[in-house]
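K.L.:
Sharing a structure below in C-alpha cells format, with a few things to ask.
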Amino acid sequence: MASIKLAHVTKAFGAKAAVNDISLDVSDGEFLVLLGPSGCGKSTLLRMLAGLEKVSSGEIHLDQRRVDTLPPSARDMAFVFQSYALYPHMTVRRNITFPLIMRQFRWWFHLPLLGGWAKRRIERSPAVRDLVERTARTLALTEMLDRHPRTLSGGQRQRVALGRAMVRQPEVFLMDEPLSNLDAKLRTAMRAEIIKLHREVGGTFVYVTHDQIEAMTMGTRIALMRDGVVQQFGAPREIYANPANAYVARFIGTPPMNLLEARIAPDGMVQVGPLALPLPVQLAGIAAQPALLGVRPSALTLARHATDATLSGQVVLVEHIGAESIISIKLADARTAHRDEGAAPDEIMVAEPGYSALRAGDPVRIGLDLRDAVLFAPDGSQRLTARPAASLAVAA
Ligand code: ATP
C-alpha cells in the first residue's frame with residue numbers, strides 16, 4: 001500500500017520557484033501523470049519525490065510516513081530515467097539483478113576476485129534467479145539475458161531499465177519521460193506495455209511527460225503543470241471535457257480546442273461574430289458577460305453554402321492524416337483568442353472525418369455544435385460554470 005501526499009511542496013533555485021506550493025493526494029495504485037511543457041517543473045517535482053532533490057519547503061508523505069527528510073534509499077521508490085542508465089559492461093541479467101546485489105552490498109564486493117564470486121553467488125541464488133527470470137518473461141527479455149546493452153534496440157534497453165526497477169518490488173515507480181528516446185511506433189508499443197505493467201505489478205506510478213497523448217492514455221489522473229503551478233488535477237476525461245482554464249483547454253486535445261471571442265446575452269444566447277446561438281443546457285444560467293467560447297475541432301462542421309447559423313471563412317490549409325482531415329480556416333466575421341505560440345490570429349481548426357476535397361483558398365461556412373462547448377472568462381484564467389466554481393477540480 002502506498003499513497004503519496006504532497007503538502008505545499010516548493011522548490012526554489014535562487015529567486016525562482018521551479019515548483020510552487022504544490023499539494024496533491026495520490027491514492028495507492030494510481031497512475032499519476034505529471035504533464036506540462038519543457039521547464040514547467042515536472043522533473044524537479046519527481047526528483048523531490050525520489051529524494052534526488054531537497055524540498056525548499058513543504059512535506060512529502062508516503063502512506064503515513066514523512067519521507068522528504070529521508071535519503072533516496074529509505075523511500076522504497078524505484079526511478080526509471082529517460083536515458084536508460086544501464087551498465088554497458090554488464091549483461092542484461094546482471095543489469096536487472098544489480099539492485100538485488102546492492103541490497104546485500106559489503107565493502108569487500110569491490111575486491112576483484114572475492115567481489116565477483118559474491119555477486120555471482122547472489123545472482124545464482126534460487127530466489128534471485130526466479131525473480132529476475134520472471135521479470136524478464138514479463139518484459140519479453142528472456143532471450144536477451146546474456147547479451148550486453150549495446151546489442152539491444154532502444155525499446156529493449158528501456159525494458160531492461162524497467163526490469164531493474166521491477167525487481168526491487170518497490171511501493172512506488174517514478175518514471176521521467178522513459179519513452180522520449182524511442183521512435184513513434186515503439187513509443188506506442190511501450191506505452192501499452194507500461195499500462196499493462198501497472199495493471200499486473202500494481203504499485204503507485206508517477207510518470208513525467210510533456211506528451212498529452214501519453215498522459216491521456218496512461219494516467220488514472222493527470223496533474224497539468226505550468227510555471228511550477230498545477231493548473232488542474234483530475235481524471236483525463238474530466239480534464240478533456242471540463243478544462244479549468246483556457247491554458248488547459250489548449251494543452252489537452254489534438255488539434256487544440258478553438259477559442260472564440262463571444263458575449264453571453266441576457267436572453268440565454270451566446271453571440272459569436274454575427275451569429276447568435278442558444279447556450280446548451282450545461283451552460284444555461286451563466287450571467288450575461290463577455291467570454292471565450294471553447295469548441296473542439298470535431299464540433300465544427302463545414303458547408304460550401306450559406307445557411308443561417310454559420311460563420312464564414314476561407315480555407316488556409318488542409319492536412320489529410322488518414323481517418324480524418326484537419327482543415328485550418330481564417331475566419332472572416334469572428335475573432336479567436338488563442339494566445340499560445342504558433343497560433344495564427346483568427347484561424348480555427350476543424351476536424352472532418354474522411355478525405356476532405358477542400359483546398360486552400362476555398363470559401364467555407366462553419367457550423368458550431370455547442371453541445372460539448374465550454375466558456376471561459378475573457379482572459380482565459382477560469383472556466384465559467386452555471387454550477388458553483390468550487391465544484392471545479394482546480395488544485396492551483
Ligand atoms: P523538461 O521537460 O525540459 O525536463 P521540466 O518540466 O521537467 O522540463 P524542470 O527540469 O523541473 O522542468 O525545471 C524547472 C525549472 O527549474 C526550469 O526553469 C529549470 O531551468 C530550473 N532548474 C531545474 N534544475 C535546476 C538546478 N539544478 N539549478 C537551477 N535551476 C534549475
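The values are calculated or read from the model by the stated rules, or taken from the named source; none is laboratory data. Since this is a predicted model, take the numbers as computed values, not measurements. Cβ coordinates were reconstructed from backbone atoms using ideal geometry, including for glycine residues, and neighbour counts include every protein chain displayed.
K.L.:
Can you pull out the residues in the stretch 259-270 that are more than 25 Å from LEU35 (Cα to Cα) and part of a strand (DSSP E or B)?
P.N.:
Result: LEU260, GLU261, ALA262, ARG263, ILE264, MET269, VAL270.
K.L.:
Got at least one residue in the stretch 112-120 being surrounded by 18 or more Cβ atoms within 10 Å (Cβ to Cβ) and either of a type outside the set (D, E, K, R) or within 33 Å of the chain's Cα centre (by Cα) (or both)?
P.N.:
No, there is no match, as no residue in the stretch 112-120 is surrounded by 18 or more Cβ atoms within 10 Å (Cβ to Cβ) and either of a type outside the set (D, E, K, R) or within 33 Å of the chain's Cα centre (by Cα) (or both).
K.L.:
Find the residue count for the stretch 88-104, including only residues that are loosely packed, with under 15 Cβ neighbours inside 10 Å and touching an Asp or Glu at 6+ places or on another chain (Cβ under 6 Å).
P.N.:
Residues that pass the stated criteria total 0.
K.L.:
Does LEU24 meet the test of being within 16 Å of the ligand (Cβ to nearest atom) and in contact (Cβ under 8 Å) with a residue 24 or more places away in the chain?
P.N.:
In short, yes.
K.L.:
Among ALA118, ALA136, ALA161, ALA127, which is assigned by TED's automatic domain parsing to the domain that holds THR188, assigned to a helix (DSSP H, G or I), closer than 17 Å to PRO99 by Cα and touching a strand residue (DSSP E or B) at 6+ places or on another chain (Cβ under 6 Å)?
P.N.:
ALA161
K.L.:
For the stretch 183-219, give me each residue that is within 16 Å of the ligand (Cβ to nearest atom) and hydrophobic (A, V, I, L, M, F, W, C).
P.N.:
VAL206, VAL208, ILE213, ALA215
K.L.:
Looking at this structure, is LEU279 over 30 Å from THR220 (Cα atoms), surrounded by 15 or more Cβ atoms within 10 Å (Cβ to Cβ) and modelled with pLDDT under 95?
P.N.:
Criteria met by LEU279.
K.L.:
Determine whether GLY29 is surrounded by fewer than 21 Cβ atoms within 10 Å (Cβ to Cβ) and either under 24 Å from ILE239 (Cβ atoms) or of a type in the set (Phe, Trp, Tyr) (or both).
P.N.:
When the stated conditions are applied, GLY29 passes them.
K.L.:
Which residues, taken from the stretch 294-347, are among the hydroxyl-bearing types (Ser, Thr, Tyr) and either surrounded by 12 or more Cβ atoms within 10 Å (Cβ to Cβ) or touching a helix residue (DSSP H, G or I) at 6+ places or on another chain (Cβ under 6 Å) (or both)?
P.N.:
Correct list: SER298, THR301, THR310, SER312, SER325, SER328, THR336.
K.L.:
Oh, and also: Which fully enclosed strands (runs of 3 or more DSSP E) of the stretch 271-365 have 3 or more residues being among the hydrophobic types (A, V, I, L, M, F, W, C) and closer than 18 Å to LEU375 by Cα?
P.N.:
275-278, 289-295
K.L.:
Same structure, new question: I'd like to know if the stretch 237-258 contains one or more residues that are in contact (Cβ under 8 Å) with a residue 60 or more places away in the chain, farther than 16 Å from ALA377 by Cβ, assigned to a strand (DSSP E or B) and more than 22 Å from the chain's Cα centre (by Cα).
P.N.:
Scanning the stretch 237-258 turns up no residue that is in contact (Cβ under 8 Å) with a residue 60 or more places away in the chain, farther than 16 Å from ALA377 by Cβ, assigned to a strand (DSSP E or B) and more than 22 Å from the chain's Cα centre (by Cα).
K.L.:
Which ones in the stretch 58-82 are of a type in the set (A, V, I, L, M) and surrounded by 14 or more Cβ atoms within 10 Å (Cβ to Cβ)?
P.N.:
Those that are of a type in the set (A, V, I, L, M) and surrounded by 14 or more Cβ atoms within 10 Å (Cβ to Cβ): ILE60, LEU62, VAL67, LEU70, MET77, ALA78, VAL80.
K.L.:
Being at pLDDT below 90 and over 24 Å from MET77 (Cβ atoms) narrows it down to one residue among ALA165, ALA189; which is it?
P.N.:
Criteria check complete, one pass: ALA189.
K.L.:
Under the condition of being of a type in the set (Val, Ile, Thr) and under 22 Å from the mean Cα position of the chain (by Cα), which residue from the stretch 36-72 is farthest from the ligand (Cβ to nearest atom)?
P.N.:
Among them, the one singled out is ILE60.
K.L.:
A further question follows. Going by the structure shown, is ALA85 away from the ligand (no atom under 13 Å from the Cβ), within 23 Å of the chain's Cα centre (by Cα), more than 24 Å from ALA15 (Cβ to Cβ) and surrounded by fewer than 20 Cβ atoms within 10 Å (Cβ to Cβ)?
P.N.:
Yes; evaluated as a whole, the condition is true for this residue.
K.L.:
Got a sec? Which of LEU162, LEU174 is of a type in the set (A, V, I, L, M, F, W, C), buried (at least 20 other Cβ atoms within 10 Å of the Cβ) and closer than 29 Å to ASN20 by Cα?
P.N.:
Sole residue among the options that is of a type in the set (A, V, I, L, M, F, W, C), buried (at least 20 other Cβ atoms within 10 Å of the Cβ) and closer than 29 Å to ASN20 by Cα: LEU174.
K.L.:
Residues that are within 16 Å of the ligand (Cβ to nearest atom), closer than 29 Å to SER325 by Cβ, surrounded by 19 or more Cβ atoms within 10 Å (Cβ to Cβ) and touching a residue at least 60 places away in the same chain (Cβ under 8 Å): does the stretch 220-236 have at least one?
P.N.:
Looking for residues that are within 16 Å of the ligand (Cβ to nearest atom), closer than 29 Å to SER325 by Cβ, surrounded by 19 or more Cβ atoms within 10 Å (Cβ to Cβ) and touching a residue at least 60 places away in the same chain (Cβ under 8 Å), one finds at least one in the stretch 220-236, hence yes.
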